[in-house]
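Peer 1: Let me give you the structure first, and then I'll get to my questions.
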Amino acid sequence: MTFNFRQGMTAGTGFLLLGLAWLGFWLGPALPLYQTDPRWAHNFAFALIFITVGIAYLRPSVLTGIGAVVASFITIPTELAFWSGLTATEIEAILLVLVAGAAAIEWWTKGPLVAPSPRAGLWAKIHLPIFSALGIAHMPFIFFLSRWANDVPYLQYLPIEHEYSTTIFNGMLLVLVLLAIVGQYAKNIGRFSIPEAGFVWSVLMLLIPLASIGILGS
């Protein structure tokens, strides 16, 4: 049995990679920021969202898909500062455990825990990842359309985030979401592989914001 690396190069794998890197960054070098100001806790929640959505992409089923959709739309109240980042992190941690648990059980039993009709199953396979991507899309939408212009209403639970790296990441995230959505309908445009483009773009989303921190200092 051989593993085809290129088959794993998808936007879903990219979400998982970004989530793991994001979590590692905030548990490592960026942890002092959170210890100084707990409002940075929303980064833990967002990292868990990406990990949850990534797992659902890699182990698609009705249960993992629904869990990922719910997790992704937690972005909205979190980004709008309806609750603290710590509260969002606790919710996302529970959803991650549920999705990862469902994925593990379905892998072990080699079958879905919920088996819809073939037509409903096909619909879920195509559309649940799209809904997850749309949930994540609210992160840059709210950032650019609301928080960027006026961050005062959000300061109770969110810090001011005008760093170059944050702005670049949010802008690039819009492209990744688009690639993830288009990739559910078409795998290739000519010789251009949409899933592979999503993965490559996610890698660039790791490198370019980090480069901006090193070059521009934020």
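Peer 1: Please verify whether region 93-108 includes one or more residues that are among the acidic types (Asp, Glu), surrounded by 16 or more Cβ atoms within 10 Å (Cβ to Cβ) and at pLDDT 95 or above.
Peer 2: No.
Peer 1: How about region 194-218: which of its residues are within 22 Å of TRP26 (Cα to Cα) and small (Gly, Ala, Ser)?
Peer 2: Across region 194-218, the qualifying residues are SER202, ALA211, SER212, GLY214, GLY217, SER218.
Peer 1: Taking ARG59 and the conditions (1) closer than 27 Å to ASN188 by Cβ; (2) modelled with pLDDT of 95 or more; (3) of a type in the set (D, E, K, R), which numbered condition does it fall short on, given that it satisfies the others?
Peer 2: Every listed condition holds for ARG59 apart from (2).
Peer 1: Find the helices (runs of 4 or more DSSP H) located wholly in region 111-218 whose residues include 3 or more that are touching a Lys or Arg at 6+ places or on another chain (Cβ under 7 Å), and list them.
Peer 2: Result: 194-216.
Peer 1: Kindly indicate whether any position in region 6-19 is more than 18 Å from ARG59 (Cα to Cα) and either part of a helix (DSSP H, G or I) or modelled with pLDDT of 95 or more (or both).
Peer 2: The answer is no, given that none of the residues of region 6-19 is more than 18 Å from ARG59 (Cα to Cα) and either part of a helix (DSSP H, G or I) or modelled with pLDDT of 95 or more (or both).
Peer 1: Filtering region 28-64 down to residues that are of a type outside the set (Ser, Thr, Tyr) and without any contact (Cβ under 8 Å) to a residue 12 or more places away in the chain, which residue is nearest to GLU161 (Cα to Cα)?
Peer 2: Of everything passing the filter in region 28-64, LEU33 is nearest to GLU161 (Cα to Cα).
Peer 1: Take LEU33 and decide whether it is assigned to a helix (DSSP H, G or I) and crowded, with 19+ Cβ neighbours inside 10 Å.
Peer 2: The answer is no for LEU33.
Peer 1: Among (1) crowded, with 22+ Cβ neighbours inside 10 Å; (2) touching a Phe, Trp or Tyr at 6+ places or on another chain (Cβ under 6 Å); (3) of a type outside the set (Asp, Glu), there is one condition THR52 misses while meeting the rest; what is its number?
Peer 2: The number of the failed condition is (2).
Peer 1: For region 65-79, check the following and say yes or no: at least one residue is touching a residue at least 12 places away in the same chain (Cβ under 8 Å), outside any helix (DSSP H, G or I) and crowded, with 17+ Cβ neighbours inside 10 Å.
Peer 2: Among the residues of region 65-79, at least one is touching a residue at least 12 places away in the same chain (Cβ under 8 Å), outside any helix (DSSP H, G or I) and crowded, with 17+ Cβ neighbours inside 10 Å, which makes the answer yes.
The values are calculated or read from the model by the stated rules, or taken from the named source; none is laboratory data. Everything numeric here is computed off the predicted structure, so don't read it as measured data. Here Cβ is always computed from backbone atoms with ideal geometry, including for glycine, and neighbour counts include all displayed protein chains.
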